[in-house]
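Here's the structure we're looking at; comments come further down.
What follows is calculated from the coordinates using simple rules that are stated; it is not laboratory data. Only a predicted model underlies this, so the values are computations on that prediction, with no experimental measurement involved. Quick reminder, even Gly has a Cβ in these numbers, built from the backbone with ideal geometry, and neighbours come from all protein chains shown.
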Amino acid sequence: MNLILLGPPGAGKGTQARKLQDERGLIQLSTGDMLRAAAKSGSEIGKKAKAIMDAGKLVSDEIMIAMIEDRIGQPDCAKGFILDGFPRTAAQAEALDAMLSRKGLKLDHVIEMTVDEKALTERIVGRYTCAKCGAGYHDSFQKPKVAGICDVCGSREFTRRADDNAETVRTRLEAYRKQTQPILPYYRAKGILKSVDGMAEIDEVGRQVDAILS
């Protein structure tokens with residue numbers, strides 16, 4: 001089973017992808033992680049990607065598709081994959097479909113995680129993690145049981161992402177609306193687009209996703 005999870009930053013795509021990976025054996029493919037891994041690998045595609053990134057430029061759609069094609073051909077993707085962060089444009093969606101068709105594969109579902117932008121901004125701006133073990137917390141929704149102490153490892157050091165601020169979040173949401181939302185009609189026309197409430201509790205979002213996949 002091959003899926004795409006769509007939604008703006010902070011919608012919970014990564015959380016649901018990890019859940020599907022654990023429960024269904026599908027492999028989460030984050031294009032950011034793939035780019036970094038390719039750059040380290042020394043492969044031909046990796047060398048091209050690294051040179052472009054080192055120059056501060058965007059990696060071309062052609063290279064991204066080639067990287068995805070290489071990755072989904074590996075044994076751990078036999079049960080299927082979950083794309084997170086790609087495609088972002090209609091051209092990328094079409095190129096992805098063409099590549100999958102060449103390999104005798106297809107997308108089974110495209111799941112959009114819909115959000116309330118005001119509430120999503122609050123969700124993102126308030127989040128922070130344990131600097132030692134990476135456990136996630138939130139100023140309002142998920143505080144440590146003992147203030148200032150990580151529930152998991154007992155560390156007192158916490159960190160916030162530099163881009164988890166209201167201005168940056170608004171910019172990222174605007175970019176999502178302009179660049180990625182236009183691909184929704186493409187997948188709707190193919191009959192594989194479904195939506196879930198990305199603002200619901202994590203387990204409830206998971207139930208909605210499972211209902212679509214089942």
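Starting from the 7 Å offset along Cα-to-Cβ, what nm value, one decimal, do you get for the label separation of D33 and I192?
My value for the distance between the label points is 2.1 nm.
Quick check on my link table: of K79/K106; K118/K178; K40/K79; K57/K118; K79/K103, which ones sit more than 24 Å apart, alpha carbon to alpha carbon? Before the final figure, lay out the partial values.
Working: K79/K106 13 Å; K118/K178 18 Å; K40/K79 26 Å; K57/K118 31 Å; K79/K103 15 Å.
Violating the 24 Å Cα-Cα cut-off are K40/K79; K57/K118.
By the scheme Lys and Arg +1, Asp and Glu -1, what is the net charge of all other residues having a beta-carbon under 15 Å from that of E44? Could you put the intermediate results ahead of the total?
Working: positive: K40, K47, K48, K50, R71; negative: E62, E69, D70.
Residues near E44 contribute +2 overall.
What angle, in degrees between 0 and 90 and rounded to the nearest 10, separates the Cα long axis of helix 44-54 from the longest principal axis of the Cα atoms of the chain?
Computed tilt is about 50 degrees.
In degrees from 0 to 90, rounded to the nearest 10, what is the angle of the helix 166-175 Cα long axis to the longest principal axis of the chain?
20 degrees
Once fully extended, how much extra length lies between A98 and E201, figured as 0.36 nm per residue of separation less the alpha-carbon to alpha-carbon distance?
Working: separation 103, 0.36 × 103 = 37.08 nm, distance 3.57 nm.
Result for the pair: 33.5 nm of gain on full extension.
With the radius of gyration and the Kirkwood radius both derived from the Cα set of segment 2-99, what is their ratio Rg to Rh? Kindly include the intermediate steps, with their values, before the conclusion.
Values: Rg = 13.4 Å, Rh = 14.0 Å.
Reported Rg/Rh (Cα atoms, Kirkwood Rh): 0.96.
Within 13 Å, Cβ to Cβ, of T171, how many net charges do the neighbouring residues add up to if Lys/Arg are +1 and Asp/Glu are -1?
Working: positive: R170, R172, R177, K178; negative: E117, D163, D164, E167, E174.
Residues near T171 contribute -1 overall.
Would you give the gap between the C-alpha center of segment 30-75 and the C-alpha center of segment 162-197, rounded to a whole Å?
23 Å
With axes computed from alpha carbons, what is the tilt in degrees of helix 13-24 against the longest principal axis of the chain, rounded to the nearest 10 within 0 to 90?
The answer is roughly 70 degrees.
Could I have the simple spin-label model distance between V152 and T15, label points 7 Å from Cα toward Cβ, reported in nm to one decimal?
For the pair V152/T15, the computed spacing is 1.4 nm.
Name the residue farthest towards the positive end of the dipole of segment 1-145 from the options T114, G136, I52, assuming +1 on Cβ of Lys and Arg, -1 on Cβ of Asp and Glu, about the Cα centre.
Working it through, the farthest residue towards the positive pole turns out to be G136.
Go from 0 up to the bin containing the longest alpha carbon distance in segment 57-185, width 10 Å each, and give me the % of pairs per bin.
All Cα pairs, binned at 10 Å, distribute as 10, 29, 26, 26, 8, 0 percent.
Of Q92, Q74, Q179, which is the most mobile in a GNM of the chain whose springs link Cα atoms less than 10 angstrom apart?
Among Q92, Q74, Q179, the largest mean-square fluctuation in the Gaussian network model of the chain belongs to Q74.
Need one number for segment 64-111: average projected area of the convex hull over its C-alpha atoms, nm². All intermediate terms of the calculation are to be shown ahead of the outcome.
On the way: hull surface 13.5 nm².
Convex hull of Cα atoms, orientation-averaged projection: 3.4 nm².
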